[in-house]
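The values are calculated or read from the model by the stated rules, or taken from the named source; none is laboratory data. Keep in mind the model is a prediction, meaning the values are calculated, not measured. Every residue, glycine as well, gets a Cβ built from its backbone with ideal geometry; the counts of neighbours run over all protein chains shown. Calculation scope for accessible area: heavy atoms of the full protein, side chains included, ligands and nucleic acids excluded. Shrake-Rupley method; radii C 1.70, N 1.55, O 1.52, S 1.80 Å.
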Amino acid sequence: FSVEKAYTDLYSLVIQQPYIEKFEILSDKNIPDAIDLALWRNRWNGLNNETGCHFQCWSEIMSDTYKFAIPNEYKWIYTHTNEIFKDKIVIHRSVYHHNTNFSWIKILSEIKDVLFLCTDNKREWDEFEFKNDNIQPYYVSTIEEMAVVINSCKMFIGNQSAPFAIASALDVPRLVELDSHPSKFYMDENKYSKNISWYLNDNV
């Protein structure tokens with residue numbers, strides 16, 4: 001999306017954060033003390049090209065790139081909750097990063113009243129192959145609304161996608177379906193959060 005759309009979509013969630021003083025589109029790109037929040041990509045891409053694999057989790061990538069100690073409190077996004085979601089299991093599965101060994105059928109056969117989190121990208125719901133009568137699509141129109149649903153739910157289950165990244169930032173109880181190649185992004189996050197579980201295969 002354009003910078004303007006990203007800014008508009010993010011504004012209401014970002015401005016809520018207690019560590020944000022103001023949030024605006026950068027007009028002067030030569031500010032000397034600016035921090036490039038995409039800098040980790042350059043470092044990660046270089047290491048990945050050298051080794052042919054991912055070998056660090058998100059917390060360690062960010063800590064090493066930006067030179068800060070990993071805090072004791074994992075949660076770093078704050079928003080309100082909505083009582084109507086407190087007993088719900090919320091799931092999401094993007095059209096990428098699938099693991100054929102992940103037991104979606106077994107998991108979803110054992111829980112009721114499940115919401116599949118959807119955005120305007122209806123393709124994710126349309127292509128979700130594990131639908132059953134207990135699962136209903138739930139559409140959100142903003143990132144803040146998505147964050148509120150995730151922050152309010154009993155548990156979040158998903159693959160490596162933006163909603164799971166939000167679930168991690170909110171540090172809600174969560175289970176991630178790991179794709180084998182980028183699996184390391186989350187595999188060691190349980191060293192820093194007690195609320196994350198992950199599945200790669202029956203042995204890992």
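List the helices (runs of 4 or more DSSP H) inside the range 142-204, counting only whole elements, that have at least 2 residues being open to solvent by less than 10 Å² (accessible area, probe 1.4 Å) and either more than 15 Å from Leu117 (Cα to Cα) or modelled with pLDDT of 95 or more (or both).
Hits in the range 142-204: 143-152, 162-170.
Evaluate the following for Ile77: is it touching an Asp or Glu at 6+ places or on another chain (Cβ under 9 Å) and of a type in the set (A, V, I, L, M)?
For Ile77, the condition - touching an Asp or Glu at 6+ places or on another chain (Cβ under 9 Å) and of a type in the set (A, V, I, L, M) - is met.
Could you grab me the full set of residues in the range 129-141 that are under 18 Å from Phe164 (Cβ atoms), under 18 Å from the mean Cα position of the chain (by Cα) and assigned to a loop (DSSP other than H, G, I, E, B)?
If the condition is that a residue be under 18 Å from Phe164 (Cβ atoms), under 18 Å from the mean Cα position of the chain (by Cα) and assigned to a loop (DSSP other than H, G, I, E, B), then Val140 is the only one that fits.
Looking at (1) among the β-branched types (Val, Ile, Thr); (2) within 22 Å of Gln17 (Cβ to Cβ); (3) without any contact (Cβ under 8 Å) to a residue 24 or more places away in the chain, which is the one condition that is false for Val149?
Evaluating Val149 over (1) among the β-branched types (Val, Ile, Thr); (2) within 22 Å of Gln17 (Cβ to Cβ); (3) without any contact (Cβ under 8 Å) to a residue 24 or more places away in the chain leaves (3) as the failure.
Against the condition closer than 29 Å to Asp188 by Cα and either at pLDDT 90 or above or part of a loop (DSSP other than H, G, I, E, B) (or both), how does Glu60 come out, does it pass?
yes
Among all residue pairs at least 6 apart or on different chains, which show Cβ distances below 7 Å where the first residue, located in the range 1-21, is without any contact (Cβ under 8 Å) to a residue 60 or more places away in the chain and the second is open to solvent by less than 60 Å² (accessible area, probe 1.4 Å) and assigned to a helix (DSSP H, G or I)?
Between residues of the range 1-21 that are without any contact (Cβ under 8 Å) to a residue 60 or more places away in the chain and residues that are open to solvent by less than 60 Å² (accessible area, probe 1.4 Å) and assigned to a helix (DSSP H, G or I), the close pairs are Ile20/Val14.
For the range 27-36, state whether one or more residues are over 24 Å from Ile196 (Cα atoms), modelled with pLDDT under 90 and under 21 Å from the mean Cα position of the chain (by Cα).
Scanning the range 27-36 turns up at least one residue that is over 24 Å from Ile196 (Cα atoms), modelled with pLDDT under 90 and under 21 Å from the mean Cα position of the chain (by Cα).
With the requirement that a residue be open to solvent by less than 70 Å² (accessible area, probe 1.4 Å) and under 15 Å from Tyr138 (Cβ atoms), what does the range 71-88 give you?
Asn82, Phe85, Lys88
Kindly provide the set of residues from the range 89-114 that are assigned to a loop (DSSP other than H, G, I, E, B) and either without any contact (Cβ under 8 Å) to a residue 24 or more places away in the chain or open to solvent by less than 40 Å² (accessible area, probe 1.4 Å) (or both), ordered by number.
Passing the criteria: Arg93, Ser94, Val95, Asn99, Thr100, Phe102, Glu110, Ile111, Lys112.
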